[in-house]
Amino acid sequence: MKPGKLIDTHCHLFMKPLCGDIDGVLKRAAAKGISAIIVPAVEIDSWKRVAELSENPAVYPALGLHPWCADEKLDTGMLGKLLVETGSVAVGEIGLDFKIDKPDRIIQVSVFRVQLDLAAELGLPVILHCRGAFDEMLSILSEKKYKGHITGVVHAFTRGVHLAERFLDLGFYLAFGGAVTRPRAKRARRSAAAIPLFRILLETDAPSIGMDGIKPERMEPKHVARISETLALLRGISFKEVTEQTASNVRELFGIET
């Protein structure tokens, strides 16, 4: 991994408005020092689009079924085949979201477990989405069949240090995005400043989450540079240190060399 390279570990390039200007998005990202972008799928229909985008050498695919789409008919055999064929760096975006009523919790948990099993079988990390279900998710990840056998990242982490430590204890990384640029996001900023830098990743979650002064639909991978700058300020260290260590973290977790 070349030093000084930034990686957006979570960006949905296949979504509007990003998908309407892929070349422009990638050029603007490269100009800001972003050398790689991980693109997690959401619904089954997005798997093909993610695979096509990954033909660009700066784009790395992750395939999985988001908890919002857990009621779609998941063919784990097909998912496993595509994960291998596309050279996916993770199973994702998967997880639990108990802030929504449908799909119901039983379906979400079942689909989550199936995809964890697949990740363990293929030796791939997972990209986790979690809202309103942290205790349930941690309980599952702590089970004997998963603890020590599954690793990955909790994306868009905005919670407190205590919860962060519970995931760290299981070997997971935490990804911070635009929330840390907001002065009022005190809990997220405290966590970003406190947890070990060697367990932190950077992301935009574009075009789903914005940052201070920028609406979600205006977010692009290029904004990882500002997120990295903010993290450096919060921790009282250099931008270079944040950039180099988070790039090393990406290499360790996803095996990406840029």
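Quick notes
- The set of residues from region 112-154 being β-branched (Val, Ile, Thr) and under 26 Å from Asp8 (Cα atoms) comprises Val126, Ile127, Ile150, Thr151, Val153, Val154.
- Of the residues contained in region 54-61, none is found to be at pLDDT 95 or above and touching an Asp or Glu at 6+ places or on another chain (Cβ under 8 Å).
- Region 5-24 residues that are free of Cβ contacts under 8 Å to residues at least 60 places away in the same chain, paired with ones that are open to solvent by 60 Å² or more (accessible area, probe 1.4 Å) (beta carbon under 6 Å, 6 or more apart): Phe14/Arg49
- Some residue of region 44-52 being open to solvent by 10 Å² or more (accessible area, probe 1.4 Å), within 19 Å of the chain's Cα centre (by Cα), at pLDDT 95 or above and small (Gly, Ala, Ser): yes
- Annotation: of all residues in region 178-203 being in contact (Cβ under 8 Å) with a residue 40 or more places away in the chain and in contact with a strand residue (DSSP E or B) (Cβ under 7 Å, 6 or more places away or on another chain), the one that is nearest to Ala41 (Cα to Cα) is Glu203.
- A search for C-beta distances below 7 Å between a residue of region 133-157 that is without any contact (Cβ under 8 Å) to a residue 60 or more places away in the chain and within 27 Å of Arg187 (Cα to Cα) and any residue that is open to solvent by 60 Å² or more (accessible area, probe 1.4 Å) and not in a helix (DSSP H, G or I), counting only pairs 6+ apart in sequence or on different chains, returns Leu141/Lys147.
- Some residue of region 71-83 being under 17 Å from the mean Cα position of the chain (by Cα) and open to solvent by 10 Å² or more (accessible area, probe 1.4 Å): no
- Residue among Arg187, Arg251, Arg226 that is in a helix (DSSP H, G or I), open to solvent by 20 Å² or more (accessible area, probe 1.4 Å), modelled with pLDDT of 95 or more and closer than 16 Å to Lys32 by Cα: Arg226
Each row is one residue, and each column tells you yes or no for (1) touching a strand residue (DSSP E or B) at 6+ places or on another chain (Cβ under 8 Å); (2) open to solvent by 50 Å² or more (accessible area, probe 1.4 Å).
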position	(1), (2)
His149	no, yes
Val153	yes, no
Gly160	no, no
Phe172	yes, no
Asp205	yes, no
Phe239	no, yes
Ala247	yes, no
Gly255	no, yes
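- For region 210-223, the set of residues classified as surrounded by fewer than 18 Cβ atoms within 10 Å (Cβ to Cβ), under 17 Å from the mean Cα position of the chain (by Cα) and part of a loop (DSSP other than H, G, I, E, B) is empty.
- Some residue of region 25-43 being open to solvent by 40 Å² or more (accessible area, probe 1.4 Å), without any contact (Cβ under 8 Å) to a residue 12 or more places away in the chain and either in a helix (DSSP H, G or I) or not charged (D, E, K, R) (or both): yes
The values are calculated or read from the model by the stated rules, or taken from the named source; none is laboratory data. Since the structure is predicted, the reported quantities are computational estimates derived from the model, not experimental observations. Note that each Cβ is placed from the backbone with ideal geometry, even for glycine, and that neighbours are counted across all protein chains shown. Ligands, DNA and RNA are excluded from the accessible area calculation, which covers all protein heavy atoms including side chains. Shrake-Rupley method; radii C 1.70, N 1.55, O 1.52, S 1.80 Å.
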